[in-house]
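To keep things clear, I will list the structure first and then write my remarks on it.
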Amino acid sequence: HFEIVKFFVSQINDQSNRDTCCIKAADKAAIFDHFEIVKFLISCVSSLDQRANLRFQCAIAACSRLHENVVASLGLEPDWLFQYNTILSFTAAMAIEDRNSVLNKTLSQMQTAQITQLLRLSISQRHVALAATLLNHQRFSTQHVDLPDDNTGATALMLAADAGHHELIHKLIDLGASLHAQDTHGRTALSRACQAGYVQAAKILIDNGADASHRDSQGLTCAQLAERFEQRQVLRLLNPTENPQHPQPAAQRLHQLSDHSEQDHRLSEELHRLLSDAGFTHQRAKCQQRLADWLEGVAQVLTQDRRQMTGSYAEGWANSLVQVNGRTAADSDIDWTVLVEGQEFHLEGGCKGRSGSCQNATRLQVTEGHAQVAVGAGSQPAVTATACGVRPAQDTCHAIECCSSFCKNRVKQLLGYSDLVHLVRATRPSKTNELRVSFSFQEKHIMRDLSTVQGQLFTLTKFIFKRHLPLTLDTPGLKTYHAKTLLFFMLEKHGTDPKAEAWWIPLGIHGATKAEAWQPHNLITLLKESLDMMLSFIDSSSSPDECMPHFFMPDAPLYFKNAGIGGDFDNTKARVRDRLCELRSDIGGVVEQLRRLVRPLKSEKFYFHPFTLLPLTAPPAVTEIREGSGHYEFYYKFADVYSVVHQCVSELQSESSDRDTLMRQLSLLNHLQWCKCAALCMTAMAHLKFGESEEAKRLAMELQRHQVESGLEPQDIYEEGILLKSIRLPKVLDWAWRFCLPCDCPPRFPFLPEFTQTLFTARLSQPLSSHLYVNFRCLSWSLQAELLRNRAPAIAFDHWIEQLLGDPDLEELLTLAHYSDCREHVELSLQQMEMIEKERRVAMETQDEEKIGWVRQKLEGLDAASGVLKVESQSRGRKRKAESD
């Protein structure tokens, strides 16, 4: 409708109105890919500055939706690539499809050093296809291949090693990248690969001459770095063991297995009770799933991307192997899948050509579960934000949606329907230009429908594959995905209905047994059958790298961990097979380890602190707390509260903040009982900032009377039969008092008492996980102790202890130890801190160890003082006795 737009613009006589209309219309035209209209509307704006700004805004809008024609017509300034992730992501998405005309035009305007800088940025942002395109570009200068980052000293090779991008490492070495260059910490590319745990990257570097004995500025060798960061497989590479003897292949040993059905039934019942008491039940899995849905909904509002949660946290099973109480285990994570807006691929064997986007589209050939593409996008599907403080690790996978389902009949075996698949950045061993077909959304739905026994079987299998084999028996190689795939084959065999009857003949058991498969007394039998099935899969392929078939794509093999590396890793298959045989013949060792690991729940509560788990993207500024009744709108108020808290904490640190503006922002939280502690604390801080101490004391007294909720009851989260997936978080209980807020510098609150300032914990050591941790319950205690000093009533330490014992953190325990001189209180704080450290509930940093050290010193000081007093008391007693004599 180009002519209509021209006509309407010509009818606006007032230039100011014309500018306003053209600016709004151009943005809409960019969103809907009308590049001619965009160019025309920009030309109609009177001011050169406004035109330049509008061109940039339209470029952002078009890049966010991958509208190549609009972007090409506008062009991209070189600086934009460095300043705006949306624009860099556009060039990366185009590079995967080998459509680089816009990029080439921009590169023609750049200096060679700038192109190297762009290469480093691309690698650090995990844009492998873009980085590969830059390395192959005619304007890339090999003379600048080792140009380091000004701040960190990192070269492109080091950044590729950080992320395990072995494809880029090969290319950079071919182009002459130095293996011996050092960053500001004296670390080489090999040092960094060993620290990060990327075995294949480390092997390539070593094979090309990297020095494993190099010491960094702390004097640490590559092996010592790997040991410090618990990278066991890197240590295996650096210190290969002699090949073990394998007495018998698994297939030859299966006939030796015997059946102990009565004993298995008793053990099954015991295991079922053990796992049920720890929360591994269908009902608690449903609660966990609702918590994940809530987190997903709020994250979608904040990030404004097509983000979905996948993996164990969302599925509700075995995110922790200790107990199901809302906490994520230290060796687990939260997985996000983000579908790239505006990009769609078409698969041969899947695409039916039914939609408009399918017409004339290239259909990608799928080989062993991997779509063949023009340019490789790397073999690391996710970007990992490592665990930091109370935040668990979070993996974000940027995926490309397909127009269709794939292997529809296999999916329907378990799900009843088939949905769209997507492609992720992963390859087979030694392959490059391909993307893996992913069924993670379908898998999530299947896992969410598991019965208690089905979920417990998965938990047992995951425990064996992820913990027992690699840690207890030093036999790594299997992954959680192998356990999930094995469960799918078991569900196919015995049906998904937990009440269904099934025939099966477990190997080694004579005769057929008719039984209800998914019943508690069959748990051990099901586990043995699963292990038999796994051994059968392992023996079905002669390749040392192949483990088992993919459930949905039977022609696609799943591989062992670190497949394709060779050397000692070629023995992985034989080691795993022998260990599984031993386990199959004697389950007792597994059960004993489980008894030590799994702990019964002391409380039914879920310790869910959602505002510590959200993605660390800067939240948008808001001026109101929105309410909505629709499914998506339900999450508005929670996202808005997070934004307001972030704004207020930032304003409290600003030297130029305005009192009225800050108080107006804080007033948005006044009517919300579920975050009252946070609102009262920040308001008291605002009064202290502006010298209004009496008002701050009044609020401290109100905080004395206020109590927060340490956890959520199951009935607050999930009710059987309610179809809505949004949880019914209580409105009258204060549950929102722990926050992790985006942050890139240490906090400044000079108006607060010195100790209170230390309770704002800045965690800045991990770039993708940097945040400010604020526990408002703990902050409330400190404000009360400082502002109401020497006032009645005295500090209620017993009340503090009663609140924190269920779910303490280091800051709360430090606060108790700081303000109380009671030995029992300080000792309790130290014991709880050491337990948190031992159980890895916090990803410890130096500052955390210093907190524990301070409490330990205080306890020693109290003991020493007590000893002196005891000696003095004894001395006085002897003196009195002598005088009386």
>> Give all pairs with beta carbons closer than 6 Å in which a residue from segment 201-220 that is not assigned by TED's automatic domain parsing to the domain that holds G378 and surrounded by 15 or more Cβ atoms within 10 Å (Cβ to Cβ) meets a residue that is of a type in the set (S, T, N, Q) and not in a helix (DSSP H, G or I); count only pairs at least 6 apart in sequence or on separate chains.
In response: H214/T188; R215/T221
> Right, A426: closer than 30 Å to L168 by Cβ and of a type outside the set (S, T, Y) or not?
Replying inline: yes
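I'm trying to understand the selection: among the residues of segment 781-799, which are part of a loop (DSSP other than H, G, I, E, B) and touching a Lys or Arg at 6+ places or on another chain (Cβ under 7 Å)?
Passing the criteria: only L788.
Here is a yes/no grid of residues against (1) in contact with a Ser or Thr (Cβ under 7 Å, 6 or more places away or on another chain); (2) among the aromatic types (F, W, Y); (3) touching a residue at least 60 places away in the same chain (Cβ under 8 Å):
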position	(1), (2), (3)
T328	yes, no, yes
S332	yes, no, yes
E348	no, no, no
T362	no, no, no
T367	no, no, yes
G378	no, no, yes
G389	yes, no, yes
H398	no, no, yes
> Would you pick out the residues in segment 591-636 that are assigned to a helix (DSSP H, G or I), buried (at least 19 other Cβ atoms within 10 Å of the Cβ) and among the β-branched types (V, I, T)?
Replying inline: T612
> Do you know which residues across segment 333-373 are farther than 29 Å from T303 by Cα, out of contact with any His (no Cβ under 8 Å at 6 or more places or on another chain), charged (D, E, K, R) and at pLDDT 95 or above?
Replying inline: E348, E368
>> Please go through (1) touching a residue at least 40 places away in the same chain (Cβ under 8 Å); (2) of a type in the set (G, A, S); (3) more than 30 Å from S357 (Cα to Cα) for S64 and return the number of the only condition it doesn't satisfy.
In response: (3)
>> Going through Q847, Q803, Q766 one at a time, which residue ends up being in contact with a Lys or Arg (Cβ under 9 Å, 6 or more places away or on another chain), modelled with pLDDT under 95 and polar (S, T, N, Q)?
In response: Q803
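Do you know which residues across segment 11-61 are without any contact (Cβ under 8 Å) to a residue 12 or more places away in the chain and not hydrophobic (A, V, I, L, M, F, W, C)?
Answer for segment 11-61, where residues must be without any contact (Cβ under 8 Å) to a residue 12 or more places away in the chain and not hydrophobic (A, V, I, L, M, F, W, C): Q11, N13, D14, S16, N17, T20, K24, K28, S43, D49, R51, N53.
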> Do any helices (runs of 4 or more DSSP H) lying entirely in segment 1-78 carry at least 2 residues that are at pLDDT below 90 and farther than 23 Å from K105 by Cα, and which ones are they?
Replying inline: 2-10
> If you take just the helices (runs of 4 or more DSSP H) that sit entirely in segment 209-300, which of them hold at least 1 residues that are at pLDDT 95 or above?
Replying inline: 222-228, 232-238, 261-277
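Each row is one residue, and each column tells you yes or no for (1) over 21 Å from the mean Cα position of the chain (by Cα); (2) under 30 Å from L274 (Cα atoms); (3) in the same structural domain as R577 (by TED's automatic domain parsing).
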{"site": "V383", "(1), (2), (3)": "no, no, no"}
{"site": "C402", "(1), (2), (3)": "yes, no, no"}
{"site": "G416", "(1), (2), (3)": "yes, no, no"}
{"site": "R436", "(1), (2), (3)": "no, no, no"}
{"site": "F441", "(1), (2), (3)": "no, no, no"}
{"site": "T475", "(1), (2), (3)": "yes, yes, yes"}
> Which condition number does S530 fail, the rest of (1) at pLDDT below 95; (2) more than 30 Å from W294 (Cα to Cα); (3) among the small types (G, A, S); (4) within 30 Å of the chain's Cα centre (by Cα) being met?
Replying inline: (1)
> What are the residues in segment 289-325 that are closer than 30 Å to G588 by Cβ, of a type in the set (S, T, N, Q) and in contact with a strand residue (DSSP E or B) (Cβ under 9 Å, 6 or more places away or on another chain), if any?
Replying inline: S312, N319, N325
> Which residues, taken from segment 352-383, are among the β-branched types (V, I, T) and surrounded by fewer than 20 Cβ atoms within 10 Å (Cβ to Cβ)?
Replying inline: T362, T367, V375, V383
> Out of (1) out of contact with any helix residue (DSSP H, G or I) (no Cβ under 6 Å at 6 or more places or on another chain); (2) part of a helix (DSSP H, G or I); (3) polar (S, T, N, Q), what's the single condition that is false for S656?
Replying inline: (2)
> Going through segment 850-885 one residue at a time, which ones are more than 21 Å from P808 (Cβ to Cβ) and modelled with pLDDT of 70 or more?
Replying inline: E860, G861, D863, A864, A865, S866, G867
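Across segment 168-198, which residue is farthest from the chain's Cα centre (by Cα) among those that are surrounded by fewer than 24 Cβ atoms within 10 Å (Cβ to Cβ) and part of a helix (DSSP H, G or I)?
Selected residue: D174.
Each row is one residue, and each column tells you yes or no for (1) crowded, with 18+ Cβ neighbours inside 10 Å; (2) assigned to a loop (DSSP other than H, G, I, E, B).
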{"site": "V411", "(1), (2)": "yes, no"}
{"site": "Y417", "(1), (2)": "no, yes"}
{"site": "R428", "(1), (2)": "yes, yes"}
{"site": "K431", "(1), (2)": "no, yes"}
{"site": "L435", "(1), (2)": "yes, no"}
{"site": "Q442", "(1), (2)": "yes, no"}
{"site": "I446", "(1), (2)": "yes, no"}
>> Any residue that is small (G, A, S) and modelled with pLDDT under 90 - is there at least one of those in segment 821-831?
In response: no
> If you go through segment 80-105, how many residues are crowded, with 19+ Cβ neighbours inside 10 Å and within 16 Å of Q138 (Cα to Cα)?
Replying inline: 4
> Looking only at segment 108-167, which residues are assigned to a helix (DSSP H, G or I) and either in the same structural domain as S430 (by TED's automatic domain parsing) or β-branched (V, I, T) (or both)?
Replying inline: T112, I115, T116, I123, V128, T133, T142
> Any idea which of L703, L688 is buried (at least 20 other Cβ atoms within 10 Å of the Cβ) and within 36 Å of the chain's Cα centre (by Cα)?
Replying inline: L703
>> Quick check on segment 321-343: of everything there that is of a type in the set (S, T, Y) and surrounded by fewer than 22 Cβ atoms within 10 Å (Cβ to Cβ), which residue is nearest to K605 (Cα to Cα)?
In response: T328
>> If the requirement is being in contact with a strand residue (DSSP E or B) (Cβ under 7 Å, 6 or more places away or on another chain) and hydroxyl-bearing (S, T, Y), which of these qualifies: T367, T337?
In response: T337
>> Let me spell it out: the conditions are (1) touching a helix residue (DSSP H, G or I) at 6+ places or on another chain (Cβ under 6 Å); (2) under 30 Å from N136 (Cα atoms), and V9 meets all of them except one. Which number is the exception?
In response: (2)
> Got a sec? Which of D150, D146 is more than 22 Å from V424 (Cα to Cα), touching a residue at least 24 places away in the same chain (Cβ under 8 Å) and among the charged types (D, E, K, R)?
Replying inline: D146
>> Considering only residues that are in a helix (DSSP H, G or I) and under 23 Å from the mean Cα position of the chain (by Cα), which ones fall in segment 825-846?
In response: I836, E837, K838, T846
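The values are calculated or read from the model by the stated rules, or taken from the named source; none is laboratory data. Given the structure is predicted, the values throughout are model-derived calculations rather than measurements. Don't worry about glycine lacking a Cβ; one is built from the backbone with ideal geometry, like all the others, and counts go over all protein chains shown.
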